[in-house]
Amino acid sequence: MMAIEIKSTKGISENPFVVDIVKAVQANNSLFLYLSRIFSTYKKNSLALREETFSYIDRLLNSPKLNTSSDSSTIDKVKQTMKAIYTLNSQQFSNVRSNILENTVYHFGPVTTNLLRRCVFIEPIIKENDIIIGDSDIKCDFVFVYNESTPMEFIECKSDIANVIPRNLPLEKLQKPHKNKLTYLNKAYNHLKKYDVEPKIYFACYNLDYGKELVNLRNNWGYDNMMFVNAEEIIYGKSE
């Protein structure tokens with residue numbers, strides 16, 4: 001029997017742009033697939049590419065398939081909000097882009113098919129007998145818990161997974177904060193696995209294709225206990 005104490009250390013973003021976008025996604029789940037494509041294609045809010053970005057937003061969100069499942073006023077509002085997001089300064093844009101991913105994961109997780117949710121903890125400290133699991137002050141974005149006899153699910157959000165786990169970089173050249181995150185997640189996994197409830201560990205991202213990065217993580221770096229999920233898998237679930 002686990003005697004685990006989990007405590008959130010923060011809440012989710014209340015930025016108005018983030019809240020408006022995620023509410024629209026909750027009303028029409030498939031919208032997130034289109035927004036993810038925009039954020040994956042235009043990773044920065046380049047002034048030189050602003051007109052091109054706006055044109056792409058209009059073209060993508062004018063999809064007949066999308067507009068048959070949402071009223072036109074909702075889509076128009078999402079277009080306006082997305083364009084406003086791309087006019088923010090670089091740091092604000094990066095934060096909003098990241099927080100939309102995080103808030104969507106918060107509302108739709110866990111992503112493992114058939115894994116239920118009773119509690120979700122945000123950047124939690126996880127302890128057993130007052131000892132921090134993972135031997136670190138590093139935290140994961142979300143931990144989803146149902147009960148002690150089912151797996152916890154850890155989800156770390158990274159807007160562009162290639163910035164954290166490149167497809168061809170040796171592990172020893174990985175940036176220290178990213179290496180520390182992997183080490184923490186691996187230690188937490190090994191600790192919790194002792195209870196015969198193997199935790200699920202995912203990196204959530206906007207990337208449409210993460211295959212080569214995943215091969216590097218699992219086959220070359222040896223972290224075969226971790227997986228990635230993209231927009232479709234965040235919304236509709238990931239089969240084990």
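The values are calculated or read from the model by the stated rules, or taken from the named source; none is laboratory data. All values derive from a computational prediction rather than experimental measurement. Backbone-built Cβ (ideal geometry, glycine too); neighbour counts: all protein chains shown. These area figures cover heavy atoms from the full protein model, side chains too; ligands, DNA and RNA do not enter into them. Shrake-Rupley method; radii C 1.70, N 1.55, O 1.52, S 1.80 Å.
Details
- Once mean projected area of the Cα convex hull in nm² is calculated for the structure shown, the corresponding label among (i) 20.9; (ii) 13.5; (iii) 14.5 turns out to be (ii).
- 19 Å Cα-Cα reach of Lys23 towards lysines, excluding residues that sit fewer than 8 places from it in its own chain: Lys77, Lys79, Lys83
- For the range 154-240, the share of accessible area belonging to carbon and sulfur comes to 43 percent (1.4 Å probe, ligands and nucleic acids excluded).
- Portion, in percent, of the accessible area of the range 1-67 that falls on carbon or sulfur, probe 1.4 Å: 53 percent
- The ellipsoid that matches the Cα gyration tensor of the range 101-171 has semi-axes, each √(5λ) in whole angstrom, of 23, 18, 11, with the longest given first.
- A simple spin-label model places the labels of Glu232 and Arg37 1.1 nm from each other, with each point 7 Å out along Cα-to-Cβ.
- For the range 13-68, applying the loop criterion from DSSP together with a ceiling of 16 other beta carbons within 10 Å to the GluC sites (Glu not before Pro) yields Glu14.
- For the chain, the solvent-accessible area with a 1.4 angstrom probe is 50 square angstrom per residue.
- Listed residue (Phe203, Pro110, Pro170) projecting farthest to the positive dipole end of the range 101-240, Cβ model: Pro170
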